[in-house]
Amino acid sequence: MGKITLTICLLAVSLLLLFAQKEGFAAPPVSYSRQILPVFKAQCLGCHSGATPVSGYSMETRDKLLAGGRRGAAVIPGKGALSNLIRYMTGDLQPKMPPSGAMDGDKIALIRRWIDEGAKVDSEKMPEGMNVTANKKGTSLLSLTSPHANLSAPVTALAYSPDGKMIAVGGYRVVRLIDSLTGTILQSVKGATDQVQCVAWSADGKFLAVAGGVPGAAGEVLIVDCETWKPLLKLEGHSEVVYAVAWKPDGKELATGSLDKTVNIWNAKTGKITRTLKDHAEGIMGVAYSPDGKLLATGSLDRSAKLFDTTSWKRIAALTAHQDGVTRVAFNKAGTILATSGLDRTVRIWLVKSGTFENPERTLYADDAINTCAFSPDSNLLVWGASNRIVKAFNGDGTQQKNELKDAEDCVYCLGIGSDNETVVAGTQDGKLLFWNLKQNKLIRTVSPK
């Protein structure tokens, strides 16, 4: 009965998400008390609770769950793929957990998504009327969260259009086109199978690339026609979620980076892969072409950024100063500076020149993981956003801090700077867009793009 009930419940979850999508809602965040805690109670807490938990790891409270045991931190909020809890469940780390039998892939994907959403705990108690039966086959769930409980999906991707008039904003299964001056939703683009992780406009503004995919299953990139707002192509070739996409300046080629540790180069017209780069040891979080298209920069969770010649595709530099995963890479307008942000709480400034790259020209420090960085269109500003909810702006070479913006109420995942070179917009974990005017040094607008 337990297995049958679980199947019915998973079907119910799918139907609820489908209903939410048809109604134009963003999918609700994963509920810890209703969706995650029952799984832990059935398959984890028997060993990882009490006075003497196995390996010193207790999962009874959020603090203990994150802290881990004798093998180090178990959960990194916002970084499911990097969290040891997931890596043990998938067998990436040994011994595979739980020892009583492999956990269903659907459950692992749900836990990973919960971590990606910030590992938030709505309650450490299950709602009344929900019971859990622990056995070797799985868990019986007797109730499900409503899709209307909380309709704010994280804003995980954004990009200004080349003319600066619109902002493409990525959420769960949808990209919304926002008027950059008023914050009004102009258009919604559907078709993504899961959370949108990155968006990028072609230089002429005719096409929009929408990257993402299903965790543990496959990555995808949709190429959207910006006249009809309909997908023209679906690029499939990655075996994991695509976290990074960039157009070559001439519009004939795209680069994509995935958790499958590869970078694919695509013919933008045919949607065919022309080359695959396998130079990184961990997932790819950032890709960027130099303004002249002659170089491609990549950033990886293996703590390195690399530069490739786009004619020969030979690696010309390996940048290894980061002490943890690299989250974004960005060139300035002239192509003379490369900025790399990282989980090690730093932004590294590199001078792009021939020869070896032994050390960054400059390093900027934060108090938490830096998830994103970007240059202004005129490259006179460099801005980054961090998990501690802070956005900072520096001059273009990073020598002087200009602004420190503290209005965000949750992790900053993505950001951009408008064509006026003074408006900064950031997307956050709690599903909001925040607009600041840097000259006035103040928040001017907050938008929830539901």
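The values are calculated or read from the model by the stated rules, or taken from the named source; none is laboratory data. Please read these numbers as outputs of a predicted model, since none were measured by experiment. Cβ: placed from backbone, ideal geometry, glycine included. Neighbour counts: every protein chain shown.
Residues of region 255-271 include at least one that is in a loop (DSSP other than H, G, I, E, B), of a type in the set (Val, Ile, Thr) and either without any contact (Cβ under 8 Å) to a residue 40 or more places away in the chain or under 19 Å from Leu296 (Cα atoms) (or both).
Across region 171-185, the qualifying residues are those that are assigned to a strand (DSSP E or B) and touching a residue at least 60 places away in the same chain (Cβ under 8 Å), and the one among them that is farthest from Leu415 (Cα to Cα) is Arg173.
Among the residues of region 59-71, those identified as assigned to a loop (DSSP other than H, G, I, E, B) and crowded, with 16+ Cβ neighbours inside 10 Å are Met59, Gly68. Just wondering, is there one or more residues in region 355-363 that are under 24 Å from the mean Cα position of the chain (by Cα) and either buried (at least 16 other Cβ atoms within 10 Å of the Cβ) or not in a loop (DSSP other than H, G, I, E, B) (or both)? Yes, region 355-363 has at least one match.
Conditions (1) closer than 23 Å to Gly213 by Cα; (2) at pLDDT 50 or above, marked per residue:
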residue	(1), (2)
Pro127	no, yes
Ala149	no, no
Ala159	yes, yes
Lys165	no, yes
Ala168	yes, yes
Tyr172	yes, yes
Asp179	no, yes
Ser188	yes, yes
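Considering each residue of region 247-257 in turn, at least one proves to be closer than 15 Å to Gly283 by Cβ, in the same structural domain as Gly427 (by TED's automatic domain parsing) and of a type in the set (Val, Ile, Thr). Annotation: Met285 fulfils all but one of (1) within 16 Å of Asp344 (Cα to Cα); (2) touching a Cys at 6+ places or on another chain (Cβ under 8 Å); the unmet one is (2). For region 150-170, taking the residues that are out of contact with any Pro (no Cβ under 9 Å at 6 or more places or on another chain) and not in a strand (DSSP E or B), the one that is farthest from Leu254 (Cα to Cα) is identified as Lys165. Can you find even one residue in region 104-115 that is over 23 Å from the mean Cα position of the chain (by Cα), modelled with pLDDT under 85, outside the structural domain of Gln195 (by TED's automatic domain parsing) and not in a helix (DSSP H, G or I)? There is at least one residue in region 104-115 that is over 23 Å from the mean Cα position of the chain (by Cα), modelled with pLDDT under 85, outside the structural domain of Gln195 (by TED's automatic domain parsing) and not in a helix (DSSP H, G or I). Considering only residues in region 424-441 that are in a strand (DSSP E or B) and of a type outside the set (Gly, Ala, Ser), the one that is nearest to Arg389 (Cα to Cα) turns out to be Thr428. Listed by first and then second residue, the pairs with beta-carbon distance under 7 Å, at least 6 apart or on different chains, first residue in region 230-245 and farther than 17 Å from Val263 by Cα and assigned by TED's automatic domain parsing to the domain that holds Ser258, second in a strand (DSSP E or B) and of a type in the set (Gly, Ala, Ser), are Pro231/Gly191. The set of residues from region 299-331 being closer than 20 Å to Ala386 by Cα and of a type outside the set (A, V, I, L, M, F, W, C) comprises Gly299, Ser300, Asp302, Arg303, Ser304, His322, Gln323, Asp324, Gly325, Thr327, Arg328. Annotation note: Cβ proximity below 6 Å between a residue of region 307-333 that is in the same structural domain as Ala297 (by TED's automatic domain parsing) and a residue that is of a type in the set (Val, Ile, Thr) (sequence gap 6+ or interchain) occurs for Leu307/Ile316; Asp309/Ile316; Val326/Thr340; Arg328/Thr372; Val329/Thr340. Going residue by residue through region 47-58, is there one that turns out to be under 25 Å from the mean Cα position of the chain (by Cα), modelled with pLDDT of 80 or more and in a loop (DSSP other than H, G, I, E, B)? No, because not a single residue in region 47-58 is under 25 Å from the mean Cα position of the chain (by Cα), modelled with pLDDT of 80 or more and in a loop (DSSP other than H, G, I, E, B). Residues in region 186-205 that are more than 22 Å from the chain's Cα centre (by Cα) and either touching a residue at least 40 places away in the same chain (Cβ under 8 Å) or buried (at least 18 other Cβ atoms within 10 Å of the Cβ) (or both): 4 in all. Restricting attention to region 343-354, the residues that are in contact with a Leu (Cβ under 9 Å, 6 or more places away or on another chain), assigned to a loop (DSSP other than H, G, I, E, B) and surrounded by 19 or more Cβ atoms within 10 Å (Cβ to Cβ) total 1.
Scanning region 395-428 for residues that are out of contact with any Phe, Trp or Tyr (no Cβ under 8 Å at 6 or more places or on another chain) and surrounded by fewer than 22 Cβ atoms within 10 Å (Cβ to Cβ) yields Asn395, Asp397, Gly398, Thr399, Glu404, Lys406, Glu409, Asp410, Asp420, Asn421, Glu422. Looking only at residues that are assigned to a loop (DSSP other than H, G, I, E, B) and small (Gly, Ala, Ser) in region 72-98, which one is nearest to the chain's Cα centre (by Cα)? It comes out as Gly78.
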